[in-house]
Amino acid sequence: MSPLALVGLLPLVFLGLFFAWPVASIVGLGLTSTSRPGSAVLDVLTDSETLRLVGFTLGQAAAATVIAVLAGMPLAFVLARCKLPGIGLLRVAVVVPFVLPTVVVGLAFRVLMPAGGVAPIVLANAFFNIAVVARTVGGLWAHTDRRGEEAARALGASRWRAFVSVVLPAIAPAILSAAAVAFLFCATSFGVVLMLGGGQYRTLETEIYLRTVELFDLPGAAALSMLQVTTVVAVLIIGAVTRRRKETALGMRRHREIARRPVGGEWVVVGVASAVVVALTVPVVSLVARSLSNGFAGYVALAGHGDQATLQVSGLDAVWNSVRAASDATVLAMLLGVLSAVVLSQLSRSGALIGEVFDLALMLPLGVSAVTLGFGYLVALGSLPLDLRASPLLVPFAQALVITPLVVRTVLPVLRAVDERLRQAAGTLGAGRLRVWREIDLGLAGRALVAAAGFGYVVALGEFGATSFLARPDAPTLPVVIATLIARPGELNNDMAYAACVVLMLVTVAAVAAIEGFRASSVGEF
Amino acid sequence: MALVLRKLSVHYGSEAAVSDVDLSVADGEVVALLGPSGCGKSTLLRAVAGLERPASGAVCWDDTDLAGVSVHRRGFGLVFQDGQLFPHRTVEANVAFGLRMNGTARASRSRRVDQLLRLVGLAGYQKRSVTELSGGEQQRVALARALAPRPRLLLLDEPLSALDRTMREQLAVDLAALLRETGTTALVVTHDHDEAFTLADRVAVMRTGRVHQVGPPDEVWRRPADDQVAGFLGCTTFVPATVDSGMASSALGDVAIADAVDGEVLLGLRANALRLDPNGSVTGEVVQRLHRRDHARLLVRIDGQPALVEAISPVAGAPGPGDWIRLALDPNGVALVGPRGDRLSTGT
């Protein structure tokens, strides 16, 4: 157990230094920055404006979650149960929105619904999370024994009745878990709300950003961050409980049900799913169309600095910055994530509570907003003797924290699904502990590792919340450049922003398509 | 003796899964651990493999205690009930795994793989994916994989019980021949007596963590050590009897028992112990009749017996419910229950 504890310590130390401490600093700042400790928190919490803010944050998140669940369920059904031509393509198409950079999606919906308002915010948030629902629910659905349904039908239940009384309870843990994750993403969504809401429609997340960057109200921002962290932790705990139920459920049903051609009323579901897919492509297509509205001017201009030198660096330099930061972040996140997944898979086998806690701690960065994190870095790292705030490592560190949970969630289910007796069989054949790990665990999780690295890379590439805080003006990443360009006047700036979005999107789609080819297991969650 | 277990106990928490087991397996011998599910036989096997740590006692090989020797250094092969083939590797790579671990050169590795696949009847399967194989084929590959590095001892954990009946019977015969042919020393865990008797030179009957009896199959079958072993081996009716010069007399009739000491004994009756016989000394009323492949099975009420007893009759002219019949004991279906006094065996 002791070498295991040592391995587990590394991610925990990193998490403590680059996550817990910055977030705690925010809390400290909120409590102590004024003459009367805690007064800022009280002021903010009792402000009627805050109540409105919280109401809007939760309201839009709830609405987007409902839409995501309703639109994601038909897709989950098709992915899990239907044997149709082009299903592989569908698998890719569904997951693309989830990894598209928030800035890109924000811009896409701005093109689609120029009038603005609440609707584009809700729809854009839902757009992201349909993939979460479809993949998470589809994963469990594919492993749910079809015979339960058939027994209900034989007992006289209609197709719908069998679904409601047999299938729905079986996949409910996955639906709850997906809804919890989606709600969390929607409630802490930053890029989309900032792009579409501007100063008018604000959530906690964008308000924290605006107070910090534009109003310099640090205590107020800190108080709001505290409020957000508390909410997120509560939602995460609920999510952890449902996820636990889901994983035990998965354990009971190893065998994947064979997909078959839809029959009768199932074609209606397939039709609805197709409509959802078409709806998913609309923002993407309109974005591409907008980027080409002035020919290739925007693309050509990417080599330069924009209208009246809006940018300190050229668009191409920004691409290079993005690639470098995302690569560093991916390497770091793979190291942390794989180590954590190994430790977690061992701990969960011995069924220790500490495993649950560790698991939850690793998921925290997924829920705590990237803006809070970025803001926390600025506050906390300033107090170190060596000022890290100007370090080029800061952006990869923050991005790594954002994507490590993704890596863990992709690799862990595969490691947990490895039958202990496979390791024992390898042991009796003469393989030592390390050799068993290399031959069996690594051999079986190899494809999941590639997938995790790919997804991590794509998400890091598009990360906006933390990066916008931490990237130095002379070394912005592509999403930061897009946000800068769109915020400044000038036709060329706009064209450049849209062109950059399309470039980012193409990279994302290519990466996702490559990963899907590699994906072995359907047990992963995202 | 190659493998010797001395007072071996294995605990799960506070519960004893295996208690004070003494057992030995000679070089080239096949011993079966036979017992109902949950009796601790698989745990015992895992302790021998080094996968469970004994609470007390010792697992010894050629008089060396294996306590400090970890799983991968014991040189024991293990076959699981469901094969546990490596799904990410081909048949060939699965069989070659142990050879790779012990550093066998590539050329001799592939020769050994070919040889073993021929041995288990899967020649030409080298490049196949293990996930495409049937259950029986998977189990054959698992066997080849375990045998490839020439293990000192082969451990088989319910190797056939995941297969359907026809396949199981076929593979049991093949496996028995293969073990003899290769001279493999083996310990087999099973809950199926047919399987145990087909495979093993000696059978150890286990119950609630203890070994109740060890002996050659025919001896265990004819002279179970106690009524629980007898019950597990198919005896459904027990009846006290008195032996007098080779003849046992009981309330259910008389039966010849060779080499038995005179005195009080307990007879264990299997389903085929009582036969329809017009000259039989016992009468009873048929309650129910069931047809089997080659005989009819009767449930009979006999005065003085606490429960219904089983009897068999030819299919043609089998009596039906309500008929009164006469029955006689058949020595082939009668076991002598009890500790072994001297050399005894039943019937002829």
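The values are calculated or read from the model by the stated rules, or taken from the named source; none is laboratory data. What you see is a predicted model; the values in this text were computed from it and never measured. Note that we place each Cβ from the backbone using ideal geometry, even for glycine, and neighbour counts take in every protein chain shown. Surface accessibility is based on the protein's heavy atoms, side chains included, excluding ligands, DNA and RNA. Shrake-Rupley method; radii C 1.70, N 1.55, O 1.52, S 1.80 Å.
May I ask you to list the residues of region B:252-266 whose amide nitrogen lies under 17 Å from a point 7 Å from Cα along the Cα→beta-carbon direction of B:Thr236?
Backbone N within reach: B:252.
Could you give me the ³J(HN,Hα) list for region B:323-335, computed from phi with Karplus coefficients 6.51, -1.76, 1.60 and θ = phi - 60°, whole Hz, x at Gly and Pro?
Result, rounded to whole Hz: 6, 9, 10, 10, 10, 9, 7, 10, x, 5, x, 10, 10.
What length, rounded to one decimal in nm, is gained on full extension from A:Leu6 through to A:Ala289, with 0.36 nm per residue of separation minus their alpha-carbon distance?
Values: separation 283, 0.36 × 283 = 101.88 nm, distance 5.29 nm.
Full extension from A:Leu6 to A:Ala289 adds 96.6 nm.
Output wanted: per-residue J couplings in Hz (rounded whole) for region B:248-260, from phi through Karplus 6.51 cos²θ - 1.76 cosθ + 1.60, θ = phi - 60°, x for Gly and Pro.
Working through the residues one at a time gives 9, 10, 9, 5, 9, x, 9, 8, 6, 10, 6, 6, 8 Hz.
Ranked from highest to lowest mean number of other Cβ atoms within 10 Å per residue, what is the order of the peptides A:353-365, A:133-145, B:275-287, B:81-93? Please report the intermediate quantities before stating the final value.
Details: A:353-365: 17.6, A:133-145: 23.8, B:275-287: 16.1, B:81-93: 20.0.
Most protected by this proxy first, the peptides run A:133-145, B:81-93, A:353-365, B:275-287.
Need one number for region B:166-209: average projected area of the convex hull over its C-alpha atoms, nm². Provide the component values of the computation, followed by the final result.
Numbers: hull surface 13.4 nm².
Average of the hull's projected areas for region B:166-209 equals 3.3 nm².
Averaged over peptide B:93-100, how many Cβ atoms belonging to another chain are found within 10 Å of each residue's Cβ? Before the final figure, lay out the partial values.
On the way: counts 0, 2, 0, 1, 7, 6, 2, 5.
Counting Cβ atoms of other protein chains within 10 Å of each residue's Cβ and averaging gives 3.
Starting from 0.36 nm per residue, how many nanometres of slack lie between A:Val313 and A:Leu393 once their C-alpha separation is accounted for? Working shown, then result.
Details: separation 80, 0.36 × 80 = 28.80 nm, distance 1.87 nm.
Result for the pair: 26.9 nm of gain on full extension.
Each residue of region A:117-125 in order: what ³J(HN,Hα) in whole Hz does its phi give by Karplus 6.51 cos²θ - 1.76 cosθ + 1.60, θ = phi - 60°, with x for Gly and Pro?
Going residue by residue, I get x, 6, 3, x, 4, 4, 5, 5, 5 Hz, with x marking Gly and Pro.
Could you work out the local net charge near A:Leu373, counting Lys and Arg as +1, Asp and Glu as -1, over the other residues with Cβ closer than 12 Å to its Cβ? Walk me through the numbers before you get to the answer.
On the way: positive: none; negative: A:Glu205, A:Glu463.
For residues surrounding A:Leu373, the net value is -2.
Taking the alpha-carbon distance from B:Lys7 and a cut-off under 20 Å, which aspartates and glutamates remain once sequence neighbours fewer than 8 residues away in the same chain are dropped?
Straight-line reach from B:Lys7, under 20 Å: B:Glu15, B:Asp20, B:Asp22, B:Glu52, B:Asp62, B:Asp63, B:Asp65.
Taking the solvent-accessible surface of protein heavy atoms with a 1.4 Å probe, what is the per residue accessible area of the protein assembly as shown in Å²?
Numbers: 36770 Å² over 874 residues.
For the protein assembly as shown, the per-residue accessible area is 42 Å².
Which one, B:Leu154, B:Leu187, B:Leu327, has the greatest fluctuation when you compute a Gaussian network model over chain B with C-alpha springs under 10 angstrom?
The residue with the greatest mean-square fluctuation here is B:Leu327.
How shielded is B:66-74 by partner chains, expressed as the average number of their Cβ atoms within 10 Å of its Cβ atoms?
On the way: counts 0, 0, 0, 0, 3, 11, 10, 3, 3.
For this peptide, the per-residue mean of nearby foreign Cβ atoms is 3.
Measuring from label point to label point, each 7 Å out along Cα→Cβ, what is the A:Ala62 to B:Asp164 span in nm?
Rounded to a tenth, the inter-label distance reads 5.5 nm.
What residues qualify as long-range amide H neighbours of B:Val282, i.e. H under 5 Å apart, gap of 5 or more or another chain, H built at 1.01 Å from N?
B:Leu327
Run the quick spin-label model on A:Leu45 and B:Asp174: label points 7 Å from Cα toward the beta carbon, then report their separation in nm to one decimal.
For A:Leu45 paired with B:Asp174, the spin-label model returns 7.2 nm.
Just to confirm the number: angle between the C-alpha axis of helix B:135-147 and the first principal axis of chain B, 0 to 90 degrees, nearest 10?
Tilt of helix B:135-147: around 60 degrees.
Give, in nm to one decimal, the length gained when the segment between B:His291 and B:Asn272 is fully stretched (0.36 nm per residue of separation minus the Cα-Cα distance).
Details: separation 19, 0.36 × 19 = 6.84 nm, distance 1.38 nm.
Result for the pair: 5.5 nm of gain on full extension.
How large a share of the accessible area of the protein assembly as shown, in percent, is made up of carbon and sulfur atoms when the probe is 1.4 Å and the other protein chains stay in place?
Numbers: 22090 of 36770 Å².
Answer for the protein assembly as shown: carbon and sulfur cover 60 percent of the accessible area.
At 10 °C and 1.306 mPa s, grab the translational diffusion coefficient of region A:36-95 from Stokes-Einstein with a Kirkwood Rh over Cα pairs, rounded to a whole number in µm² per second.
Details: Rh = 15.0 Å.
In µm²/s, the coefficient rounds to 106.
Expressed as a whole number of Å, what is the distance separating the alpha-carbon centroids of region B:13-33 and region A:272-297?
After rounding, the separation between the Cα centres reads 70 Å.
Provide the net charge surrounding B:Ala172, with neighbours chosen by a C-beta distance below 11 Å and charges set as Lys +1, Arg +1, Asp -1, Glu -1. Don't skip to the end; give the middle numbers.
Details: positive: B:Arg165, B:Arg168; negative: B:Glu169, B:Asp174, B:Asp192, B:Asp194, B:Glu195.
Here the count lands on -3.
When Lys and Arg each count +1 and Asp and Glu each count -1, what net charge do the other residues less than 11 Å away from B:Thr198, Cβ to Cβ, add up to? Show your work: numbers first, answer last.
Working: positive: B:Arg168; negative: B:Glu169, B:Asp174, B:Asp192, B:Asp194, B:Glu195.
Summing Lys and Arg as +1 and Asp and Glu as -1 gives -4.
Using alpha carbons only, how many degrees (0 to 90, rounded to 10) separate the axis of helix B:165-182 from the longest principal axis of chain B?
Once rounded, the angle reads 60 degrees.
Taking amide H atoms as placed 1.01 Å from N in the peptide plane, list the residues 5 or more away in sequence, or in a different chain, whose amide H sits under 5 Å from that of B:Arg210.
B:Ser19
Taking the convex hull of the Cα atoms, report for region A:8-516 its projected area averaged over all directions, in nm². Can you show the working numbers first?
On the way: hull surface 104.3 nm².
Reported value for the Cα convex hull: 26.1 nm².
If you take each beta carbon of peptide A:418-425 and count the beta carbons of other chains within 10 angstrom, what is the mean? Numbers along the way, then the final one.
Details: counts 1, 4, 2, 9, 6, 3, 8, 14.
Mean inter-chain Cβ contacts per residue within 10 Å come to 6.
Taking 35 Å as R0, compute the FRET efficiency from the Cβ-Cβ separation of B:Ala107 and B:Arg73 and round it to 0.05. Don't skip to the end; give the middle numbers.
Numbers: r = 26 Å, r/R0 = 0.73.
It comes to 0.85.
Suppose we keep just the alpha-carbon trace of the protein assembly as shown; what are its Rg and Dmax in angstrom?
Values for the protein assembly as shown (Cα only, Rg and Dmax): 35.8, 121 Å.
Mind computing the radius of gyration and Dmax over the alpha-carbon atoms of region B:1-132? Å is fine for both.
17.5, 50
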